[in-house]
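Chemist: The structure is given below, and queries will be raised subsequently.
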Amino acid sequence: MSDLNRRRFLALSGGAGAALALAACGGTSKAPQAAPAGGNGGASYSGPNVTISFWNGWTGSDGETAQAMVDQFNKANPNVQVKMNVFQWADFFTKLPAAVQSGNGPDVGAMHIDDIPTQAAQQVIVSIEDVAKALGLKESDFAPAVWNGGVYQGTRYGIPIDVHNLGLYYNKTVMEKAGLDPEKPPTTKDEYMSQLETLKSKGIQGSWVSPFQFTGGFQFESLLWQFGGDVFSSDNTSATWNSDAGVQALTWMVDLVKNGYSPKNVGQDADYIALKNGKNVFNWQGIWQVNDVTTLKTYEIGTAQLPKIGSTGGVWGNSHQFVLPRKKDNDANKANASRFFINWFTQQAAAWAKSAKVPARTDLAQSAEFKALTDLQSFAADVQFTHFPPSVAGIGDALAELYTGVQSAVLLKQAPADALTTSANRANKILADNKKKYGA
C-alpha cells in the first residue's frame with residue numbers, strides 16, 4: 001500500500017480505532033501499573049532462544065524499513081528472533097485489544113502518542129518505566145513534548161522512536177517558470193502572500209487548502225499555535241480552538257479559497273497530487289512524503305520549514321513510540337528479550353530515519369549520519385516548534401470534531417467562527433464523557 005493511502009488509515013488510530021479498541025477490551029479506567037517480569041530492562045539479553053512478536057501499522061515504506069531492521073537484528077542476535085506483523089492502523093486497534101484480552105497479544109508494539117493514553121487506560125499496554133531507566137533515558141534527551149507524550153497519569157508507557165511533523169513542500173520548477181526564486185521559499189506571511197500573488201498573475205492557484213484532516217486539519221493546528229492559541233485548555237478539559245487565534249488561523253485558510261489562491265472543494269490528497277503534477281506550488285504536508293517526491297522526473301520538489309504566518313513558530317507533529325502489550329503468560333525471558341529489541345531498535349535511528357522520520361533523541365538527530373539525509377533537515381529544524389497531541393485517554397474522539405469544523409469552514413459551509421464554536425461545543429461534551437469513562 002502506498003504511503004499516501006497509509007496515512008488515511010493512520011487518521012483512524014486516534015478516533016474510530018480507539019473506539020474499536022474500547023469495545024473489544026471492555027470498559028475499565030484503571031491504568032495498569034505493573035509490567036511483566038523483565039530482567040535488566042533490556043540492557044542486554046543472555047537467556048535461552050526465544051521468538052517474540054512485534055505488531056505495528058507501518059504499511060508503507062516505513063514498514064519495509066522496519067522489516068529490514070528486524071532482519072538485521074535477527075541475524076545479529078540468533079537467540080532472539082523477532083517476527084513482525086503489520087496491519088493497517090484501523091485493523092491494528094481492532095485486533096490488539098482482543099488479542100491481549102485472549103492472552104494472544106504481541107510481545108512488542110508501536111503506536112502514536114495520541115493512542116497511548118487510551119490503550120493504557122484500557123490495560124492493553126503496561127508500564128515501560130524499567131526500559132527507560134535501564135537505557136538511562138531522560139527528558140533532556142528529547143524534545144519535551146515527545147518525552148511527555150509517552151507518559152499517562154504519571155507513568156511511562158511509551159519509548160519514543162521518532163518525530164513525524166508537517167513541513168512546506170514547494171514546486172521549484174513551477175516557481176522558476178513563474179519568475180520566482182526556486183531557492184527562496186516563503187518564510188513569512190508577507191512573503192507567502194506576495195509569492196501567491198505572483199503565481200496567481202500567471203494563472204496558478206499556488207496554495208491548495210485541503211478540507212480533510214490530512215492535511216488541512218494539521219495545517220489549521222499549526223496556524224492556531226502560530227497565532228498564539230492552543231487546541232485544548234491547560235488541563236485538557238475543554239476545547240479552545242474557537243479562540244480569537246483559532247478564528248484568525250481558519251479565516252486565513254478560508255481566505256485562500258475565497259480569494260482564488262486555492263480551488264474550492266479540494267478532494268482528499270488532491271492538494272498533494274496537484275503539487276506533484278505542477279498545478280499546486282505550496283503544500284503543507286507531512287514528512288512521510290519526502291521519499292515519494294524524490295522519485296519525480298518532471299518536477300523538482302523542495303522542502304522547507306513551515307512559514308510563520310502568525311507571530312511564532314507552530315507545527316503539527318506526532319511520534320511513534322514502542323509499547324509493551326499486557327501479557328498473561330508473564331514469560332520473563334520473552335519480556336527481557338522484548339526490551340532488548342526495543343533498546344537495539346532505538347539505537348538505529350539513522351536507519352529508521354531513512355523511512356522519512358526525525359530521530360526522537362536529540363543527540364541522534366544531530367548526528368552526522370542523520371544530517372547526511374538533507375531532505376529531512378528542515379523537518380528536524382522545526383521539531384523545536386512542534387506540538388503533539390495531549391496525553392489524554394480518548395483525545396482522538398475530541399480531535400475528530402476539530403477536523404469536522406475545519407472541513408465545514410474550508411468548504412464554505414460555515415463561517416470560521418461558527419464552525420469552530422460548533423465543533424468545540426461537541427468536543428467539550430466528548431471530553432466530559434471521556435473523563436467519566438476513563439477517570440481523571
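Bear in mind that the values in this text are calculations on the coordinates, not laboratory data. The structure presented is a predicted model; accordingly, all values stated were derived computationally and were not measured. Using ideal geometry, Cβ is built from the backbone for each residue, glycine included, and neighbour counts are taken over all protein chains shown.
Chemist: Could you bin all the Cα-Cα distances of the stretch 175-255 into 10 Å bins starting at 0 and give me the percent of pairs in each, rounded to whole numbers?
Modeler: 17, 40, 29, 11, 3
Chemist: Give the peptides 74-86, 329-341 in descending order of average Cβ contacts within 10 Å, highest first.
Modeler: Per-residue mean Cβ counts within 10 Å order the peptides as 329-341, 74-86.
Chemist: Taking N as the number of residues in the stretch 285-343, what value does Rg over Cα atoms divided by 2.2 N^0.38 Å take? Please list the in-between numbers first.
Modeler: Working: Rg = 20.4 Å, N = 59, 2.2 N^0.38 = 10.4 Å.
Compactness ratio reported: 1.97.
Chemist: Give the order of Ser222, Ser238, Ser201 when sorted by the count of other beta carbons within 10 angstrom, beginning with the fewest.
Modeler: In order of increasing Cβ crowding within 10 Å: Ser201, Ser238, Ser222.
Chemist: Another question, if that's okay. How big is D, in µm² s⁻¹, for the stretch 128-265 by Stokes-Einstein at 10 °C and 1.306 mPa s if Rh is the Kirkwood radius over C-alpha pairs?
Modeler: Values: Rh = 18.0 Å.
The diffusion coefficient I find is 88 µm²/s.
Chemist: May I pose another question? Contour minus end-to-end for Thr294 and Leu411, with contour as 0.36 nm per residue of separation and end-to-end as the Cα-Cα distance? Please report the intermediate quantities before stating the final value.
Modeler: Details: separation 117, 0.36 × 117 = 42.12 nm, distance 3.13 nm.
Difference between extended and current length: 39.0 nm.
Chemist: I've got another one for you. When the chain is modelled as a GNM with alpha-carbon springs shorter than 10 Å, which of Gly206, Gly317, Gly302 fluctuates the most?
Modeler: Gly302
Chemist: What list of ³J(HN,Hα) values in whole Hz, one per residue of the stretch 247-258 in order, does the Karplus curve 6.51 cos²θ - 1.76 cosθ + 1.60 (θ = phi - 60°) give from phi, with Gly and Pro shown as x?
Modeler: Using θ = phi - 60°, the values come out as 5, 4, 5, 6, 4, 4, 5, 5, 5, 4, 6, 4 Hz.
Chemist: At 0.36 nm per residue, and after removing the present C-alpha to C-alpha distance, how many nm does the segment from Thr237 to Asn40 gain when stretched out fully? Intermediate values should be presented prior to the final figure.
Modeler: Values: separation 197, 0.36 × 197 = 70.92 nm, distance 3.83 nm.
Full-extension gain reported as 67.1 nm.
Chemist: Using DSSP, restrict attention to beta bridges with both residues in the chain and report what percent are antiparallel, rounded to the nearest 5.
Modeler: 70
Chemist: Here is a further query. Starting from the coordinates of the alpha-carbon atoms of the stretch 237-311, obtain the Kirkwood hydrodynamic radius over all distinct pairs and give the value in Å to one decimal.
Modeler: On the way: mean 1/r = 0.0686 Å⁻¹.
14.6 Å is the Kirkwood radius here.
Chemist: Given N residues in the stretch 347-440, what is Rg(Cα) / (2.2 N^0.38 Å)?
Modeler: Taking N as the residue count of the stretch 347-440, the ratio is 1.53.
Chemist: Then there is this: In degrees from 0 to 90, rounded to the nearest 10, what is the angle of the helix 416-438 Cα long axis to the longest principal axis of the chain?
Modeler: Its long axis makes an angle of about 10 degrees.
Chemist: Give me the distance in nm between label points sitting 7 Å out from Cα along the Cα-to-Cβ direction at Glu129 and Glu183, one decimal.
Modeler: About 5.4 nm separates the two model spin labels.
Chemist: Let me ask something else about it. Just to check I understand the Karplus step: with θ = phi - 60° and J = 6.51 cos²θ - 1.76 cosθ + 1.60, what whole-Hz values come out for the stretch 387-392, glycine and proline as x?
Modeler: With coefficients 6.51, -1.76 and 1.60, one gets 10, 10, x, x, 7, 10 Hz.
Chemist: For n ≥ 4 DSSP H runs only, could you compute -39500 (n - 2.57) per run for the chain, divide by its residues and tell me the 222 nm figure to the nearest 500? Intermediate values should be presented prior to the final figure.
Modeler: Values: 20 runs with 192 residues, N = 440.
For the chain, the value works out to -12500 deg cm²/dmol.
Chemist: Now for a different question. Which one of Ala90, Ala249, Ala134 has the biggest mean-square fluctuation once the chain is modelled by GNM with Cα springs under 10 Å?
Modeler: Ranking Ala90, Ala249, Ala134 by mean-square fluctuation puts Ala134 first.
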